[in-house]
1. Of the peptides 273-282, 106-115, 53-62, how do they stack up when ordered by the mean number of other Cβ atoms within 10 Å, highest first?
2. Pop out the carbon and sulfur fraction of the accessible area of the chain as a percent, whole number, probe 1.4 Å.
3. When a/c reaches 1.5 or more, the comparison of a/b and b/c decides; with that in mind, is the range 299-352 rounded, prolate or oblate per its Cα gyration tensor?
4. Hey, got the dipole for the chain? About the Cα centre, +1 on K and R Cβ, -1 on D and E Cβ, debye to the nearest 20?
5. Per-residue ellipticity at 222 nm for the chain, helices alone: DSSP H runs ≥ 4 residues times -39500 (n - 2.57), over residue total, nearest 500 deg cm²/dmol?
6. How much accessible area per residue does the chain have, in Å², with a 1.4 Å probe?
7. Please report the relative contact order for the chain, taking Cα pairs under 8 Å with a sequence separation of at least 6, and give it as a percent rounded to a whole number.
8. Rounded, prolate or oblate, given the Cα gyration tensor of the range 28-129, with a/c below 1.5 counting as rounded?
Amino acid sequence: MKDFFRRVFDTEFLPMSEVRKIKIVLVMGFLLLITALTIPFSVFFSYSTLVKVLVLVVFGLVYGLMIILIQFNRIFPAIQLSILYSIGLTLFYTQGTSGFYAYLFFYIALTIIIFYQELYSYLTYGTVVMGLGVWFIITHNSGLVMVGDAPGSLYIYIFALVLFYLVFLIQILHNEKLYTDMNYDWVRINHVIDKYHDDIYIMLDELRKKEHKPLIHEDRQFQKAVSEISVFIAEQIKDSGKDIINVFDLYLYLHEKGIDKILDNEEISVSMKKTANRLNKYLLNQRTDMFTMIVSFFSRFRKSEKYVQDRYEYSIHNLVKRSDEQIIALAMIYQYLANEATGKDQWDQVKMILSAEEIEKLFSGPDAEGILTTSQIAFFKENQQLFKKYLVDNKQSGKGR
């Protein structure tokens, strides 16, 4: 229970699948409470005793089915079933009595659907619940408070329910747009980070060569670490130590030969090739997922400046508002690209200075869309010769070629 509440409070850090799982558990707790209260209240319903018992048994079976779906991690079907369960409870109340609390069940059903924050579920099930609510108000208005006593009170009930539906529809649409924008930003930032990691790996490899350090798989400390890890894992999982050592021998061999040579070798078994393919993303002498994890881990312990809202803002028109400042920023970017080594040579070394044609292609490509506006790109193309004449250092531009 303590772990469950900790996960509830930390849902902002959990993946969407885990958040959905927490939501369905909370909803099922609420539905269990409502169902338990329904048993004594059903005495006042207009159904026969047999119908009441059958309906409650069906509710119990559906509830059990939801538990089974959660146990097998079938969260989305469980969510749909919980929504149908709440609608079923609403119909059970509204068809059994015309009291005011039956009218409130339409709000309860809508609240459960809103709680999941699923746009398509709200548009389908929410619309159905809202339509049933309006129909209930019109056909069972005699049991509602004030209806018939005050003129226009019937329309107040209808207006309140429809307004409730529309307000949360707008809220869910806003959240969907917000999540979509955040997802696009996440993809864009990851794309930028991947490029940084590529450059970091190349620079680290250059430093290793300058310092005449051995390749990673030839380093004695690395080999010792791999050997110790293999022994540790074999002891932890109580599996065949020989198999574990063979896997880590393959890991070292991957560093030396590369995945392509192993996959092309007909003497290596299919199972070993599958293992090699899994290990490939954990190599340290390539730009792999393991390298990304290591760089991310080290960067967490480096002090950085306090967070500012525009830290990850790259668009010139958002960083500076005046048009002359934007032109100066554009010129500074061009000057840097035209005089500093930012391009990769045939050995993937960052030693090339981009040519005027390459810079033009870069400014016209998709990478420039997050930095430059259409008008700024058009300004550059119209004045490209002036950029080239005054901002390119001819002594530097020939280096690295």
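The values are calculated or read from the model by the stated rules, or taken from the named source; none is laboratory data. Source: prediction; values computed, not measured. Neighbour counts run over all protein chains shown; Cβ positions are idealised from the backbone, glycine included. Remember, those area values only see protein heavy atoms, side chains included, never the ligands or the DNA or RNA. Shrake-Rupley method; radii C 1.70, N 1.55, O 1.52, S 1.80 Å.
1. Order by mean packing, descending: 106-115, 273-282, 53-62.
2. 62
3. Oblate is the answer for the range 299-352, as a/c is 1.5 or above yet b/c matches or exceeds a/b.
4. The calculation lands at about 540 debye.
5. After summing the helix terms and dividing by the residues of the chain, the value is -23000 deg cm²/dmol.
6. Normalised by residue count, the accessible surface of the chain is 66 Å².
7. 8
8. Oblate, because a/c is 1.5 or more while a/b does not exceed b/c.
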